[in-house]
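Asks: One structure coming up, written as structure tokens, with questions to follow.
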Amino acid sequence: MPFDLNLYKEEATQYISFTEIDSEIDKDEAADKPETFKYASWNKWEESVYIYLDSVISKNGAPLSYVIRKDLDEEIEWESLDRKTQQIYTASLEGFMFNIDSKRVLILLKELCLDTEAETWFRNIKCGREAMKALQIHYDGPD
């Protein structure tokens, strides 16, 4: 993670603590990674990304899939959701931990989409959540 002087000046102790957490993240802590992106199997590939990220637990205690979570259906009652799903939907989509997790998701997506047509749709995006949304808009949308 690149050093952010402004963030460090705002809250040095917290910044150091989060940097230590970031350095402890084990890159191979989950199930097998999804295969490289293929347009013909977009739906299957997208699902495999969610399954993989569900198996990686963030330092905030939620599955890493919280970064790319879709909107929760309004008809679903909160009490009917399992604990894992509740963790996914209560995890914050802002702040230092989200930035770390978003970077991890972006790195994964870049790795899986390297040298494929999908890489074009999020080339200049710096957020894992925004990268996944760009792919969904393109492959699920009218494009």
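Where a number appears in this text, it was derived from the coordinates with a stated rule and is not lab data. What you see is a predicted model; the values in this text were computed from it and never measured. All Cβ positions, even for glycine, are placed from backbone atoms using ideal geometry, and neighbour counts span all protein chains on display.
Asks: Give the residue list of GluC sites (Glu not before Pro) in segment 59-103 that are DSSP loop and have at most 14 other beta-carbon atoms within 10 angstrom.
Replies: E74, E75, E77, E94
Asks: Can you list, largest first and rounded to whole Å, the semi-axes you get for segment 46-143 by taking the square root of 5 times each eigenvalue of its Cα gyration tensor?
Replies: Taking √(5λ) for each eigenvalue gives 24, 16, 11 Å, largest first.
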